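The structure under discussion appears below in the form of structure tokens.
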Amino acid sequence: MSRRPGIPLGRIAGVPVFLAPSWFAVAAVVVLVFGPQVQGSLGSGAVESYLVAAAYSVLLLVSVLVHEFAHALTARALGLPVEQVVANLWGGHTQFTDEAPTPARSALVAVVGPLSNAALAGLGALALAAVPSHGVTRLLLVALVFSNAFVAAFNLAPGLPLDGGRVVESLVWAVTGRRWAGTLAAGWCGRVVAVGVLAWAVLLPLSRGQSPSTFTLVWGAMIALLLWQGATSAIAVGRLRRGAARLHLAQHVEPARGAPAWDDAWRASTTPDAHVVALDAAGQPVGILLKEDARRLLAGPGGPPAGTALTAVMTVLDPVAVVPAWASGEDVLHAVAGSAVRMLVVVDEHGAVVGVADVGGIAAALTGHP
């Protein structure tokens, strides 16, 4: 059972929503920074000012959730599976169980997040006309308008891991027909954005004749580091996808035959040039007897006696991944990514075992490292 990413807040359209413990660190910073500003602006007491700051942190959380719900609901409407929404230290993220299959869907799911924040900023600006010119309500509305406008603009910056980077990826993908090219381009753009954030944190105060504050430098450096790491991960994914596009599964497949795991029919299936894949009662692979091990077992008088089941001599395959012989490089990448699979079992159109492929060799081909 997977570990929960935080405190469950409920479900929206069937999608579970969680509040990560790290969010409370953000809330504390907001209260500590915004509280004195409230006190100076309203002339209120310390307790009241910090309560207003706490209310603002909750409004920020709502803004983050609206952003993520926009991603999740759009993805669901387009038929894409959504696993969960999490609000955390860096705002939030929507976790999908699969990727968008087309550039248009990917771009649409990405862009609705910032657009939802822009809509919140617009609604807040309209509401300002209906509230008194001074007081808690106006102060919170002004803060909500500026924060959502900033989040919308920042997330549209053209580099991964930001939403704008996903749009760049989709555009390059649509023009070139190669998703990996879009991922690489958006990843490199993300590194430029990361450097830009750090430069902004340093140069903006200097342009005003001021020294950068410790707070600005620390937060600027943290955000830049987060963006750089996300961009670097995107570049790595792009390179893997590039390797997958050039991968030909047949070049990595060695012949194999399937045999029941519970009896000794494997003896008849053993040939000098083929491995033996053990199959359970449902026909699913559960183990493998390599051809060199089979030859060694059957070569001399000291081999296993007649009636020895394949389970007694096989190596267990756990986990196991099965791919069709015509699988694309992208299919193979999905089959091996994020798992401990060591051997792919290759089947024909009828589901019969025709070969196996060593994942180590495939990984070397995907990364370009022998």
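Side notes on the structure shown:
- Of the residues making up region 2-24, those that are open to solvent by 50 Å² or more (accessible area, probe 1.4 Å) and in a helix (DSSP H, G or I) number 1.
The rows are residues; the columns are (1) touching a Phe, Trp or Tyr at 6+ places or on another chain (Cβ under 9 Å); (2) open to solvent by less than 70 Å² (accessible area, probe 1.4 Å).
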position	(1), (2)
GLN39	yes, no
TYR56	yes, yes
ARG76	no, no
GLU83	yes, no
SER133	no, no
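- Residues that are of a type in the set (A, V, I, L, M, F, W, C) and in contact with a strand residue (DSSP E or B) (Cβ under 8 Å, 6 or more places away or on another chain), drawn from region 38-67: LEU61, VAL64, LEU65
Residue-by-condition table, conditions (1) in contact with a His (Cβ under 6 Å, 6 or more places away or on another chain); (2) part of a loop (DSSP other than H, G, I, E, B):
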| residue | (1), (2) |
| --- | --- |
| GLY113 | yes, no |
| SER116 | yes, no |
| GLY124 | no, no |
| ALA127 | no, no |
| PRO132 | no, yes |
| ARG138 | no, no |
| ALA143 | no, no |
| SER147 | no, no |
| PHE150 | no, no |
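- Residue satisfying all of: in region 44-54; more than 10 Å from VAL136 (Cβ to Cβ) and either free of Cβ contacts under 8 Å to residues at least 24 places away in the same chain or among the basic types (Lys, Arg) (or both); most open to solvent (accessible area, probe 1.4 Å) among these: VAL47
- Filter pass, GLY360 being out of contact with any Leu (no Cβ under 7 Å at 6 or more places or on another chain) and open to solvent by 20 Å² or more (accessible area, probe 1.4 Å): yes
- Among the residues of region 203-221, those that are assigned to a helix (DSSP H, G or I) and exposed (fewer than 14 other Cβ atoms within 10 Å of the Cβ) comprise LEU203, LEU204, LEU206, SER207, THR214, PHE215, VAL218.
- Count of region 288-342 residues, restricted to those that are among the small types (Gly, Ala, Ser), within 30 Å of ASP98 (Cβ to Cβ) and open to solvent by 40 Å² or more (accessible area, probe 1.4 Å), is 6.
- Test: residue in region 300-312 that is farther than 20 Å from ALA282 by Cα and touching a His at 6+ places or on another chain (Cβ under 8 Å): no
- Filtering VAL346, VAL316, VAL286, VAL353 for residues that are more than 28 Å from ARG239 (Cα to Cα) and in contact (Cβ under 8 Å) with a residue 60 or more places away in the chain leaves a single hit, VAL353.
- With respect to the conditions (1) closer than 20 Å to ALA245 by Cα; (2) over 23 Å from the mean Cα position of the chain (by Cα); (3) of a type outside the set (A, V, I, L, M, F, W, C), SER328 falls short on a single one, namely (2).
- Apart from one condition, PRO161 fits all of (1) open to solvent by 50 Å² or more (accessible area, probe 1.4 Å); (2) assigned to a helix (DSSP H, G or I); the exception is (2).
- Under the condition of being under 12 Å from ALA250 (Cα atoms) and either assigned to a helix (DSSP H, G or I) or at pLDDT 95 or above (or both), the residues counted in region 328-343 number 2.
- Test: residue in region 222-232 that is crowded, with 18+ Cβ neighbours inside 10 Å, under 28 Å from MET314 (Cβ atoms) and touching a residue at least 60 places away in the same chain (Cβ under 8 Å): no
- Which listed residue, of TRP173, TRP228, TRP200, is at pLDDT below 95, among the hydrophobic types (A, V, I, L, M, F, W, C) and part of a helix (DSSP H, G or I): TRP200
- The set of residues from region 85-105 being outside any strand (DSSP E or B) and either surrounded by 18 or more Cβ atoms within 10 Å (Cβ to Cβ) or at pLDDT 90 or above (or both) comprises ALA100, PRO101, THR102, PRO103, ALA104, ARG105.
- Among the residues of region 231-266, the ones that are over 18 Å from ALA337 (Cβ atoms) and assigned to a helix (DSSP H, G or I) come to 4 in all.
- LEU120 vs. criteria touching a residue at least 40 places away in the same chain (Cβ under 8 Å) and open to solvent by less than 70 Å² (accessible area, probe 1.4 Å): yes
- Scan region 143-175 for residues that are under 11 Å from PRO103 (Cα atoms) and among the hydroxyl-bearing types (Ser, Thr, Tyr) and the total you get is 1.
The values are calculated or read from the model by the stated rules, or taken from the named source; none is laboratory data. Computed from a predicted model, the values in this text were never measured in an experiment. Backbone-built Cβ (ideal geometry, glycine too); neighbour counts: all protein chains shown. Heavy atoms of the whole protein, side chains included, go into the accessibility calculation; ligands, DNA and RNA do not. Shrake-Rupley method; radii C 1.70, N 1.55, O 1.52, S 1.80 Å.
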